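Take a look at the structure set out below.
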Amino acid sequence: MKIGVLISGRGSNLAALIGACAEPGFRGRIAVVISNRPGAEGLKVAEAAGIPTQVIDHKNFASRETFDAELDRALREAGVELICNAGFMRILSDGFVDKWRNRQLNIHPSLLPAFKGLHVHQRAIEAGVKITGCTVHFVRPEMDEGPIVAQAAVPVLSGDTPETLAARVLEAEHKLYPMALKLVVEGRARVVGEQVTLMEADGTEAAPLFVPAI
Ligand code: GAR
């Protein structure tokens, strides 16, 4: 399965996905990495791995729809069958999301549906939650919503700052996203009525993928 990864920044999740695709027998490969920000560090991560990159700078487009149309064109030109958002910090139009329905994954650094949006770790600390985590889900038009493929739990420790908590959650993200991607490329994550059912390789139903606290 040809994968297109969308980034806006550092690209550490991209690096984790590159690592996953390099595993023997992995049934997906990254055909293109696209950034909406020209200087994104993640572009270097892709280049170092020999993966074609493209910059589609949203500032050059008059509307969300025209940016999304160019993004869609570039992904199709690269033969992409599945999109992975990896720190892609732009809201996509409903039209784009509908075209890629159940073929676009996102990772978010909280246990959705809690703490959608920005400043997630600061808000988790302020709320006094004891466990947070990360979620891989299929993308829907509403921000940080969609059928959940997998989640990982991460403890919030006393004295945590948004930075220390972000670093602990990021470690979990790097484990979770490759595991979730593997299930999707193997056709073992089926969306049934806005919920994901995981299947074993033999076609029987598998237990939900929940990675306990690290
Ligand atoms: C990650 O923590 C990812 O979960 C988050 O941005 C970071 C990107 O880091 N994404 C979101 O908040 C999306 N709503 P990375 O560029 O090093 O992968």
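The values are calculated or read from the model by the stated rules, or taken from the named source; none is laboratory data. Since the structure is predicted, the reported quantities are computational estimates derived from the model, not experimental observations. A quick note on method: Cβ atoms are made from the backbone with ideal geometry, for glycine too, and the neighbour counts reach across all protein chains shown. These accessible areas exclude ligands, DNA and RNA; they are computed on the full protein's heavy atoms, side chains included. Shrake-Rupley method; radii C 1.70, N 1.55, O 1.52, S 1.80 Å.
Would you please classify the overall shape of region 1-78 from the alpha carbon gyration tensor, given that a ≥ b ≥ c denote the square roots of the eigenvalues, rounded means a/c under 1.5, and beyond that prolate means a/b larger than b/c while oblate covers the rest?
oblate
Using a Förster radius of 30 Å, what is the FRET efficiency between residue 76 and residue 10 based on their Cβ-Cβ separation? Nearest 0.05, please.
Efficiency, rounded to the nearest 0.05: 0.65.
Rg over Rh of region 26-119, using C-alpha atoms and the Kirkwood radius, what does it come to? Please report the intermediate quantities before stating the final value.
Details: Rg = 13.7 Å, Rh = 14.5 Å.
With Rg and the Kirkwood Rh in hand, the quotient comes to 0.95.
Within 10 Å of each candidate Cβ there may be at most 15 other Cβ atoms; applying that plus a DSSP loop requirement, which chymotrypsin sites (Phe, Trp or Tyr not before Pro) in region 105-214 survive? If you can, show how the numbers build up before the last one.
Details: sites: 115, 138, 210; in loops: 115.
Qualifying residues, ordered by number: none.
Dimensions of the chain along principal axes (Cα, Å, largest first)?
Largest first, the chain extends 46, 43, 34 Å along its Cα principal axes.
I'd like the carbon and sulfur percentage of the solvent accessible area for region 1-111, probe radius 1.4 Å, heavy atoms only, ligands and nucleic acids excluded.
C and S fraction of accessible area: 51 percent.
Go through 2/175; 44/130; 99/182; 44/99; 2/182; 2/99 and tell me which ones have a Cα-Cα distance over 24 Å in this structure. Before the final figure, lay out the partial values.
On the way: 2/175 21 Å; 44/130 36 Å; 99/182 22 Å; 44/99 29 Å; 2/182 13 Å; 2/99 16 Å.
Beyond 24 Å between Cα atoms: 44/130; 44/99.
Taking the simple approach of a point 7 Å from Cα along Cα-to-Cβ for both residue 186 and residue 167, what is their distance in nm?
Taking the two extended label points, one gets 3.3 nm.
Which one of 13, 60, 36 has the biggest mean-square fluctuation once the chain is modelled by GNM with Cα springs under 10 Å?
The residue with the greatest mean-square fluctuation here is 60.
So for region 100-214, averaging the separation of alpha carbon pairs under 8 Å that are six or more residues apart and normalising by length, what relative contact order in percent results?
25
Specify the inter-centroid distance of region 109-130 and region 68-107, based on alpha-carbon positions, in whole Å.
If we compute the Cα centre of each part, the gap is 25 Å.
Considering the options 185, 36, 121, tell which one lies farthest towards the positive end of the dipole of the chain, charges being +1 on Lys and Arg and -1 on Asp and Glu at the Cβ, about the Cα centre.
Positive-most Cα among the choices belongs to 36.
What accessible area per residue, rounded to a whole number of Å², is obtained for region 1-97 using a probe radius of 1.4 Å?
Solvent-accessible surface per residue comes out at 45 Å².
Around residue 41, under 12 Å between beta carbons, what's the net of Lys plus Arg minus Asp minus Glu among the other residues?
Taking every other residue near residue 41 into account, the sum is +2.
For every other residue with a beta carbon closer than 9 angstrom to the beta carbon of residue 92, add +1 if it is Lys or Arg and -1 if Asp or Glu, then tell me the sum.
Details: positive: 64, 90; negative: 68, 94.
Within the 9 Å Cβ shell, the charges total 0.
What size of dipole, in debye to the nearest 20, comes out for the chain about its Cα centre when the only charges are +1 on Lys and Arg C-beta atoms and -1 on Asp and Glu C-beta atoms?
Its charge dipole is roughly 200 debye.
So which residue, out of 39, 193, 28, gets the largest mean-square fluctuation from a GNM of the chain using Cα contacts under 10 Å as springs?
193
For residue 131 paired with residue 57, estimate the spin-label separation in nm (one decimal), with each label point 7 Å from Cα along the Cα-to-Cβ line.
4.5
Can you compute the modelled spin-label distance between residue 204 and residue 114, with each label point 7 Å from Cα toward Cβ, in nm?
Once both label points are built, they end up 3.3 nm from each other.
Which of the DSSP-defined H helices in the chain satisfy a minimum axial length of 18 Å, computed from C-alpha atoms, and a minimum mean Kyte-Doolittle hydropathy of -1.0?
162-185
If the elastic network links every pair of Cα atoms under 10 Å, which of 153, 114, 172 fluctuates the most in the Gaussian network model of the chain?
The residue that fluctuates most here is 114.
Pairs of Cα atoms under 8 Å, at least six residues apart: use those to get the relative contact order of the chain, whole percent.
Values: 421 pairs, mean separation 38.7, N = 214.
Computed value for the chain: 18 percent relative contact order.
What's the longest uninterrupted piece of the chain once you rule out the GluC sites (Glu not before Pro) that are loop residues per DSSP with at most 16 other Cβ within 10 Å?
82-141
Compute the signed sum of charges (Lys and Arg +1, Asp and Glu -1) over the other residues within less than 13 Å, Cβ to Cβ, of residue 22.
+2
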